[in-house]
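To start, the structure under review is shown below, and the notes come after it.
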Amino acid sequence: MKKIVGVGASVLDTIIEMDAYPAEDHKAKAERVFVSGGGPVGNALVAIAKLGGNASYLGLLSADSAGKRMKDEFASYGVDASTVKEIEGAIPFTSYIILNRTSGTRTCLFDRGNVPNDPTLPDYSPLEGASILHLDGNCLPIAIEAAKRAKEKGILVSLDAGGLYAGIEELLPYVNILIPSEEFAMGITKKQSAEEAMETLYDKYQPKVLVITQGSKGGIYWENGKAVSYPSFKVNCVDSNGAGDTFHGAFLVRYLDGFSVKECCRFASATSAIKCQRAGVRVALPTKEEVETFLANK
């Protein structure tokens, strides 16, 4: 089975569900509170595993209860994190997410912690036999080192470009599958539309695959020298948190199955739509059979 290796944010999320966002300087009762692993790459890898793919996490975690919980959770979903090094004394990446049940939106507060970004520390052996290296722009020095090694081995490099992190331009030349958010694409190119940003990104970096996601509007992909739109699926959104992470994981699974970019976008959009109808991220991710059934009814 073709393997996808991820390098990036692995976060311990505390999700607080409420019927409405709380007012400032006010006490309010939460409807539900639960803790789960999170992060763009971490969630994408779990999505890949739940869709039947082979996923591995490459990186570093804190040597404490939070790090152990994240590592154990990866294993519980079938993501191989056996080579991850746990760093003594490191503070983990954590976040607190307030989920508004009424609107389906979320507000996130985070602390990046101080797990080191030293590219000499990780075990890069998971890259052996991999088909794709998936990145999210976090842990940038490690991501760049992994991308260099991937290029030497002929491994495709995928980037979930959601945020304009300092130094991200150094990573972009290694990327073969570039899927930025509309905000990232327009921000980094200084263009006024997603279509203009897409053309600029393609001309500069020549990725094998280029898709710009536009949230509930769907998005666009580059084909035969022009931007082509793909739609989203309209559903009752309960929780949008992790929808983008889900899209990336699902897209890569479908891509390795040999489907066109258009079909990969459709499959990934459907996977995200199913997730958005359920609270949480990893517990809400569908199986391949669920996605196929969803698509068959559309």
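If the cut-off is a Cα-Cα distance under 27 Å, which lysines reach LYS208, setting aside same-chain residues fewer than 8 apart in sequence?
LYS2, LYS3, LYS50, LYS148, LYS151, LYS153, LYS190, LYS191, LYS217, LYS226, LYS262, LYS288
So for the pair ALA63, SER82, with labels modelled 7 Å out along Cα→Cβ, what separation do we get in nm?
With each label point 7 Å from Cα toward Cβ, the separation is 2.1 nm.
Let me make sure I get this right: for the stretch 130-272, a, b and c are the square roots of the gyration tensor eigenvalues over alpha carbons, sorted descending. Under 1.5 in a/c it's rounded, otherwise prolate if a/b > b/c, else oblate. Which is it?
rounded
Taking the dipole about the Cα centre of the chain, with the C-beta of Lys and Arg at +1 and of Asp and Glu at -1, give me whichever of ALA81, ALA30, GLY215 is farthest to the positive side.
GLY215
Please list, in order along the stretch 183-197, the HN-Hα scalar couplings obtained from phi with the Karplus expression 6.51 cos²θ - 1.76 cosθ + 1.60 (θ = phi - 60°), rounded to whole Hz, x for Gly and Pro.
Result, rounded to whole Hz: 4, 5, 4, 6, x, 6, 9, 6, 9, 9, 9, 5, 5, 5, 4.
Search the structure for amide H atoms under 5 Å from the amide H of ILE91, placed 1.01 Å from N in the peptide plane, and list their residues when 5 or more places away or on another chain.
ASN114, VAL115
Ordered by residue, what ³J(HN,Hα) values in Hz, to whole numbers, does the stretch 269-285 give under the Karplus form 6.51 cos²θ - 1.76 cosθ + 1.60, where θ = phi - 60° and Gly and Pro are x?
5, 5, 4, 5, 4, 5, 4, 5, 7, 10, 6, x, 10, 5, 5, 9, 6
Can you compute 3J(HN,Hα) from phi for each residue in the stretch 202-214, using the Karplus curve 6.51 cos²θ - 1.76 cosθ + 1.60 with θ = phi - 60°, rounded to whole Hz and x for Gly and Pro?
Result, rounded to whole Hz: 5, 4, 7, 10, 6, x, 5, 10, 9, 10, 10, 8, 10.
Counting other Cβ atoms within 10 Å of each Cβ, which GluC sites (Glu not before Pro) in the stretch 122-155 have at most 13 and sit in a DSSP loop?
Qualifying residues, ordered by number: GLU128.
Cα gyration tensor of the chain, axes a ≥ b ≥ c as square roots of the eigenvalues: rounded (a/c below 1.5), prolate (a/b > b/c) or oblate?
rounded
Run the numbers on the stretch 199-251 and let me know its relative contact order in percent, using alpha-carbon pairs under 8 Å that are six or more apart.
Computed value for the stretch 199-251: 22 percent relative contact order.
What residues have an amide H closer than 5 Å to that of HIS134, excluding those fewer than 5 places away on the same chain, when H is modeled at 1.01 Å from N in the peptide plane?
HN-HN under 5 Å from HIS134: VAL5, GLY6, VAL7, SER158.
Determine the relative contact order of the chain: mean sequence separation of Cα pairs under 8 Å and six or more apart, normalised by residue count, in whole percent.
Value for the chain: 18 percent.
For a quick check: with amide H placed at 1.01 Å from N, whose amide H comes under 5 Å from SER62's, ignoring anything fewer than 5 positions away on the same chain?
Here GLY67, ILE87 satisfy the definition.
Run the helix sum for the chain: -39,500 (n - 2.57) per DSSP H stretch of 4+ residues, divided by residue count, reported at 222 nm to the nearest 500 deg cm²/dmol.
Rounded to the nearest 500, the figure is -10000 deg cm²/dmol.
Take the alpha-carbon centre of the stretch 70-98, take the same for the stretch 202-232, and report the distance between them in whole Å.
Using only Cα atoms to place each centre, the spacing works out to 32 Å.
By the gyration tensor of its Cα atoms, with a ≥ b ≥ c the square roots of the eigenvalues, what is the shape of the stretch 33-127: rounded for a/c under 1.5, prolate for a/b over b/c, or oblate?
Oblate, because a/c is 1.5 or more while a/b does not exceed b/c.
Where a number appears in this text, it was derived from the coordinates with a stated rule and is not lab data. Here the structure is a predicted model, which is why all the values come from computation and not from measurement. We place every Cβ from the backbone using ideal geometry, glycine too, and count neighbours over all the protein chains shown.
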